[in-house]
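Everything below concerns the one structure shown next.
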Amino acid sequence: MPPTIIIPSAGKTAAKHLRASVTRNEAKSLYREILRTAKAFHWCDEKGIPWNMKLKAEARKEFEASREEKDPLIIARMLVTGRECVQQIQRKFNDADRRCWERIQTDSTYRDGGGGKDGPR
């Protein structure tokens, strides 16, 4: 026979508070990760506004708009979607950065007369 677990009525509110606290911490963590990722976008758009400033402002706007959401399922979906988007952007940025460094290495090899994959030009 499985053990009986007795949960006092005060425990329900504590569990609800704990879940809200965990969700709040996850949202803060996601927001900080977005801000850290935005730092890498240091170039400007066609109007001369730095992309990192635009991304930070947009993130702030999205989080403020979602602040009043109470449905735990919708909140969880927003957090998961946000995390996946940030990770996808980080992967793409890292891949592009890696390709740039590989190109720099290749060009340096050509310039130094070392040849490379296709030989000297």
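Being surrounded by 12 or more Cβ atoms within 10 Å (Cβ to Cβ), assigned to a helix (DSSP H, G or I), over 15 Å from the mean Cα position of the chain (by Cα) and at pLDDT below 95 holds for only one residue in Ala15, Ala27, Ala20, Ala65, and it is Ala20.
Among the residues here, Lys92 does not qualify as without any contact (Cβ under 8 Å) to a residue 24 or more places away in the chain and under 25 Å from Ala20 (Cα atoms). The residue of segment 44-61 that is farthest from Lys28 (Cα to Cα), among those that are open to solvent by less than 100 Å² (accessible area, probe 1.4 Å) and assigned to a helix (DSSP H, G or I), is Trp51. Exactly one residue out of Asp118, Asp107 is modelled with pLDDT under 95, part of a helix (DSSP H, G or I) and among the charged types (D, E, K, R): that is Asp107.
The values are calculated or read from the model by the stated rules, or taken from the named source; none is laboratory data. The structure displayed is predicted, hence computed values, not measured ones. Reconstructed Cβ throughout: ideal geometry from the backbone, glycine too, with neighbour counts over all protein chains shown. Side chains are part of the model used for accessible areas, which takes the heavy atoms of the whole protein and leaves out ligands, DNA and RNA. Shrake-Rupley method; radii C 1.70, N 1.55, O 1.52, S 1.80 Å.
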